[in-house]
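The values are calculated or read from the model by the stated rules, or taken from the named source; none is laboratory data. Everything numeric here is computed off the predicted structure, so don't read it as measured data. Cβ placement follows ideal geometry from the backbone for every residue including glycine, while neighbour counts extend to all protein chains displayed. Heavy atoms of the whole protein, side chains included, go into the accessibility calculation; ligands, DNA and RNA do not. Shrake-Rupley method; radii C 1.70, N 1.55, O 1.52, S 1.80 Å.
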Amino acid sequence: MMQTATFYQPPMAAKQTAVDPVRASVGHLLSRAYSLPCSTAAQAFTQLVQPISRFQVALDALMPLLETNVELTQRILVSYILYSLYAPHPIAINPFKSVLFASFIRERDLATKVANSGGVSENEQLVWVLWKILKGDGNDIGPFSPSTLARSPLPPQLRAANLTLEEEAPPPRRARFDPFEDSDAHDSKFNPSESSDTLTAVEITTERDREREKLSDAMTLLLAARDRVLTLSEQRTLFPLIPQLTSPPMITSVDLPPLIANNPTLAHPLLTALLSSIGEQGPFTYLDVLKRLPPTLPSFDLLGRLLRDPTMIPDVTTGGRTTIADLVRIEVLGWFTHEAIRWLDKAEQDERDGLISDDRFAKGVQNLCRFYTSLIKLGIVDPASDADSAEMVHLALRNSRFEEANALYRVLATGKF
């Protein structure tokens, strides 16, 4: 009796079945992790995929996304994950370097074509991210989310058309005598003036690359300033490049409150540059941010500096000129005081309801009263003007149990210190 042959093929099927859920999880991660820091998303990838399978999953599930027309945030995240898998090692030995490099060249060419036609390509930020990674500065990308990187405008010097890598530069022409080269050929090729021009061009290109690198580092620091306090060394690196990072503005009004909270010293020259440049919306977008700052020490620090800033700027209302100090005093100070008092009223109510247990209300009243007293001493606020000080009189009287509020009320009531 003939026996039917059977073929046993479970290993491959079992392997495929085991991998599919992992790839599904990776796909879910890529579609949902755009608001997480890139480093956090990369860590989640390594937790989802076993070490022995990471290269294959990256090869099959991640790498193709670089060449497809998926969302920009996903492509940025994929680029970072491919880099991060071998981040402890130099980028030169990353097995995905050639793919990242090819993507950089392709995306840069596409962005350059759009720029040449007068537009701005949506993949400009992807080109910058790939450039940072291939330069060996991929760690700078880690703290930022793909969505932040995708919506952060780039200074003109960091647009795709201006970004190059060392791998693209042709080797310098050899100008010295080669004893193994035919003398006639050598004499016909060697031209001292041409060699000098070549060296000069190389020096200019190198200097431009250094400037772009400095600007790129400063851009990274400015983004980081929203999440942490910059060191003095980092601030010294960033300060000289603020004019280039604000024309056009590289950050939005949404980025300003956390930046002010963490780095008020940096926020002053940054706001000065933003208010000095007249964009499509004028200065009012940034003034609205100042009006709604919480009554905290960084807010008082920044407003105090701006209210004494004599920098001349265009007055979009009259068409003439004004100072930052006058603009902030007229457009911001009254609103800020009103919003600060509302913030304190809510903090007091939350304290009574047991929703908070810290001293934010007491500290807020004390600091606001000190701030307002200093404005009176500087002549910025007129204590005799009801329009200027009516709300502060009420606040100081209602909280006169605090020494600072009591002292301010006496000044407002008598007009004397």
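Things worth noting here:
- Per residue accessible area of region 208-357, 1.4 Å probe, in Å²: 48 Å²
- Only protein heavy atoms count here; under a 1.4 Å probe, Val229 has an accessible surface of about 90 Å².
- In region 23-167, Cα pairs under 8 Å separated by at least six residues give a relative contact order of 31 percent.
- Computed about the Cα centre, the dipole magnitude for region 208-357 is approximately 380 debye when only Lys and Arg (+1) and Asp and Glu (-1) carry charge, each at its Cβ.
- Per residue accessible area in Å² of region 23-167, where ligands, DNA and RNA are left out and the probe is 1.4 Å: 45 Å²
- In a DSSP loop and with at most 14 other Cβ atoms within 10 Å, the trypsin sites (Lys or Arg not before Pro) in region 218-248 are Arg228.
- Evaluated at q = 0.12, 0.20 Å⁻¹: base-10 log I(q)/I(0), Debye formula over Cα of region 208-357: -0.55, -1.25
- The share of accessible area on region 80-156 that comes from carbon and sulfur is 57 percent, using a 1.4 angstrom probe.
- Between Glu166 and Ser53, the simple spin-label model (points 7 angstrom out along Cα→Cβ) gives 3.8 nm.
- Contact order for region 208-357, expressed relative to its length and based on alpha carbon pairs under 8 Å spaced 6+ residues apart, stands at 18 percent.
- The local environment of Thr73, defined by Cβ-Cβ distances under 13 Å, has a net charge of +1 under the rule Lys, Arg +1 and Asp, Glu -1.
- Alpha carbon centroid spacing (whole Å) that separates region 144-167 from region 17-65: 25 Å
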